[in-house]
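What follows is a set of notes on a single structure, which appears directly below.
The values are calculated or read from the model by the stated rules, or taken from the named source; none is laboratory data. Computed from a predicted model, the values in this text were never measured in an experiment. Reconstructed Cβ throughout: ideal geometry from the backbone, glycine too, with neighbour counts over all protein chains shown. For the accessible areas, the whole protein counts, side chains as well, though only heavy atoms, and no ligand, DNA or RNA atoms are used. Shrake-Rupley method; radii C 1.70, N 1.55, O 1.52, S 1.80 Å.
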Amino acid sequence: MRGGTTVGEMGLYLGTVRTASVLASRPSVVYRLSAESLKAMREQDPEVAALLHEWIARLLAERLADNNRTIEALMD
């Protein structure tokens, strides 16, 4: 993984324990968004929350498309 990578979002959206673990190989800045903070964002600034949801949806769609291409390549 490289800088700017998002991890743990599936657990956040599914309401389950996050399954992702990350170990930084050098000093890093890490941000955590809790379910409570996401709820507060939706209530206090719904436009920002909507932009975050859209960004996460795009991220997940890109990952799904990458996985689909990998599966197709393996099946050839």
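What the table shows:
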quantity: Distance cut-off 16 Å, percentage of C-alpha pairs in the chain lying past it; calculated: 63 percent
quantity: Accessible surface ranking that places the most exposed of M75, M1, M41, M10 first, with a 1.4 angstrom probe; calculated: M1, M75, M10, M41
quantity: Vicinal HN-Hα couplings computed from phi for segment 22-32 (Karplus, 6.51 cos²θ - 1.76 cosθ + 1.60; Hz; Gly/Pro x); calculated: 9, 10, 7, 8, 8, x, 9, 10, 10, 10, 10
quantity: Sulfur and carbon atoms: percent of accessible area, the chain [1.4 Å]; calculated: 57 percent
quantity: DSSP-assigned coil residues among chymotrypsin sites (Phe, Trp or Tyr not before Pro) in the chain, each with at most 15 further Cβ atoms within 10 Å; calculated: Y31
